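Structure, as structure tokens:
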Amino acid sequence: MGEFVTKTATTGDAEAIARIYNEGIEDGLATFETEARSGADMARWLEAGFPLVVVEDGGAVVAWASAPPYRPARAAYAGVADFSVYVARDARGRGAGRLAVEALVAECESRGYWKLVSRIFPENVASLALCRSLGFREVGVYRRHAKLRGEWKDTVIVELLIGEARA
Ligand SMILES: CC(C)(COP(=O)(O)OP(=O)(O)OC[C@H]1O[C@@H](n2cnc3c(N)ncnc32)[C@H](O)[C@@H]1OP(=O)(O)O)[C@@H](O)C(=O)NCCC(=O)NCCS
């Protein structure tokens, strides 16, 4: 186990990003996504060009955070991103998630973004704790926002003002 290093993701990271994402999808606590993703899917994310950072431990990717557009059809929202963060199961609880989001915020600020938003299942205590610790505000709760594997799920809406909006 080495020191964590953060960097902008590259195509060579696509397989590891998919593997870590699929662990989070399987856990059923992180996302409404239910289909496993491939490295090729993640390579398409990289081609799309939105902020995507990884955390490495001893040269291996153990976490990633992404900031795809919040509502791409609406130009006024160009600086708002719908962020996600995923840490490999065996690397959780050691600060990699925090580092990934801090690196993502730095990358987004350098590109002129002003807000990160997300929705978190109320039972995802790790994600809520991470966001609270990073200064995200809990905006409210969407009741019965959608079904995951047949069950209604609420989601906690979170936001973090960054860059120009933070000042
Ligand atoms: C949520 C997740 C990204 C957190 O990353 P992590 O590397 O495990 O978290 P960190 O070690 O960086 O901890 C960050 C903070 O959250 C707290 N935390 C982490 N896991 C926790 C847990 N299971 N219960 C309570 N608090 C927890 C830490 O104590 C820390 O707080 P502090 O900064 O006040 O000390 C990670 O658990 C994960 O990948 N989960 C599955 C995917 C997921 O749910 N992603 C979020 C989708 S919205």
note = For the stretch 47-82, the count of residues that are free of Cβ contacts under 8 Å to residues at least 40 places away in the same chain and touching a Cys at 6+ places or on another chain (Cβ under 8 Å) equals 1
remark   = Restricted to the stretch 78-104 and to residues being part of a helix (DSSP H, G or I) and in contact with a strand residue (DSSP E or B) (Cβ under 7 Å, 6 or more places away or on another chain), the residue nearest to the ligand (Cβ to nearest atom) is Gly97
note = Condition set within 16 Å of the ligand (Cβ to nearest atom) and more than 13 Å from the chain's Cα centre (by Cα), scope the stretch 46-57, selection farthest from Leu104 (Cα to Cα): answer is Asp57
request  = Residues being farther than 26 Å from Glu123 by Cα and part of a helix (DSSP H, G or I): count how many of those fall in the stretch 17-42.
outcome  = 4
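To keep it simple, each residue is scored yes or no on (1) small (Gly, Ala, Ser); (2) in a helix (DSSP H, G or I); (3) within 18 Å of Tyr113 (Cα to Cα).
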position	(1), (2), (3)
Arg44	no, yes, no
Glu56	no, no, no
Trp64	no, no, no
Arg71	no, no, yes
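Mind counting the residues in the stretch 105-135 that are more than 6 Å from the ligand (Cβ to nearest atom), touching a residue at least 12 places away in the same chain (Cβ under 8 Å), of a type outside the set (Gly, Ala, Ser) and surrounded by fewer than 22 Cβ atoms within 10 Å (Cβ to Cβ)?
The total comes to 12.
None of the figures in this text is laboratory data; all of them are computed from the coordinates on show. Predicted model, so just to flag it, every value in this text is computed and none were measured. Cβ atoms come from the backbone with ideal geometry, glycine included; neighbour counts cover every protein chain shown.
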